[in-house]
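What follows is a short report on a single structure.
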Amino acid sequence: MLAKEHIDDLLQRNGNVLSTDGDKIGSIGQVYADDNNGQPTWVTAKTGLFGTSESFVPLEGARTEGDDILIPYTKDHVKDAPRVDADGHLEPAEEERLYAHYGLGGGSQTYADTTGGRDADYRDADYADTDRGTVGRDTSGPTTDDAMTRSEERLNVGTEREATGRVRLRKYVTTENVTQTVPVQREEVRLEREPITDANRGSAMSGPGISEEEHEVVLHEERPVVEKETVPVERVRLDKETVTDEVTVDEEVRKERIETDGDDGIRR
């Protein structure tokens, strides 16, 4: 059970009522104490749109965590609690219904608001900031203005240049056969005979009458001669050109949505 000094400190800090799993149920509203011993027994959590509803929560088993009160109940359990007017006093019949809802065995004591008027000031701070002209208050931080900012992620797609490959020019030597036909000439011996005539008789009779002689002729022929020369045939270089492709980008972006959470009578 929380002591009264703990509650007074939390009220000054404008703390919240949190569920067992850390969910915020609502801001701390009023604290009710036992009329007999003054021990804080109930706390109201302001729920609904701008805290227009207050749900009673027993302080039995509750503990403080920073500026907040952590209760051993879920958010839905608290929101389903019987509706009791937070009018500064808790009647025995109302108390019995609340005890039955939370599964606690309570007596028929009466409880009264122990905030000593602080709740009225606190409630004013919840609903309107007269200096700023705003309606409501930020439960997650200091009150700013009368609007909530909704943000979303936008997809900005650009390009970056990176190296994807390397190309080199390289030359090497191969060998192939070349067949070419070339005409060649050769000399052959041909025997010619001519009769003795008056025109050649002198030459025929210039030598001895009977003798042995030899006469030779040198024969010639052409043979293929091969030689090689290196000649330039072409020049090769590397060049680059730019081509354009279409690439589809598929990515998830986050968007904030804003909705209201309140009583059925609240316009949305």
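Readers should treat all values here as calculations from the given coordinates under stated rules, not as data from a laboratory. Bear in mind the structure is a predicted one, so any value in this text is a computation, not a measurement. Neighbour counts run over all protein chains shown; Cβ positions are idealised from the backbone, glycine included.
Please rank Tyr99, Tyr172, Tyr32, Tyr73, fewest neighbouring Cβ atoms within 10 Å first, as an exposure proxy.
The order, fewest Cβ neighbours first, is Tyr172, Tyr99, Tyr73, Tyr32.
Using the crude model of +1 on Lys and Arg Cβ and -1 on Asp and Glu Cβ, and no other charge, please compute the dipole size for the range 219-261 relative to its Cα centre, in debye to 20.
For this selection, approximately 360 debye.
Sorting check: for 230-239, 217-226, 54-63, which peptide has the highest mean count of neighbouring beta carbons within 10 Å, and how do the rest follow?
Details: 230-239: 5.0, 217-226: 7.7, 54-63: 20.3.
The peptides rank, most packed first, as 54-63, 217-226, 230-239.
Going by how many other Cβ atoms sit within 10 Å of their own, how do Lys255, Lys171, Lys46, Lys24 line up, fewest first?
Going from least to most buried by this count: Lys171, Lys255, Lys24, Lys46.
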